[in-house]
Amino acid sequence: MRFLHTILLVAFVSVSLKAVQADELQMRRPGFKWAQKTDKVYITVEIEYAQNVHVHFEPTGKVKFTCSTGEGNTKVNYLLDLELLRSISPTESRYDVNNRRIEIVVRKSVSGAHWARLLKDPNLKYPDMKIDWSRWEEDD
């Protein structure tokens, strides 16, 4: 009997993992712009009429954004999963949703210096990631 329970548990976990992987495969990565100041990073995701918007911040610098647009056959799911260069303050980070875009403001855990880049991995390049020059602030 114990053997049967083990087989059923393994089968259930396997099916659950495949469902999660399939959901993530069907998600698109949205285009986004970013800029920074000495204490904040600004990430702007340009998606019109986003629904079910959720942004999760982790102290290690991970920012995970999900949303959807449309309904039924025209529904599109989006996922942006970023590992930022340095640690952040999740409790002081926030996001705002309007009809044209999602504005994410990430509070750096240590302010005072500009980051050399946005992402932790220097070799990771997203073709849909751009600099938001309208918000950019240079070091003095």
- Query: Amide H to amide H under 5 Å from LEU79: which residues, 5+ apart in sequence or cross-chain, H placed 1.01 Å off N in plane?
  - Reply: ARG28, ARG29
- Task: Subtract the Cα-Cα distance of HIS114 and ARG28 from 0.36 nm times their separation in residues, and report this length gain in nm to one decimal.
- Result: 28.0 nm
- Which distance in nm do the two modelled labels at ARG94 and ASP81 give, with both placed 7 Å along the Cα-to-Cβ direction? 2.8 nm
- Task: Can you tell me the relative contact order of region 67-140? Whole percent, Cα pairs under 8 Å, sequence separation 6 or more.
- Result: 25 percent
- How much accessible surface area, in Å² rounded to 10, belongs to the heavy atoms of TRP136 with a 1.4 Å probe? 70 Å²
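The values are calculated or read from the model by the stated rules, or taken from the named source; none is laboratory data. Remember, predicted model here, so these are calculated numbers, not experimental data. Glycine gets a Cβ as well: all are built from the backbone with ideal geometry, and neighbour counts include every protein chain shown. Note: areas computed on protein heavy atoms with side chains; ligands, DNA, RNA excluded. Shrake-Rupley method; radii C 1.70, N 1.55, O 1.52, S 1.80 Å.
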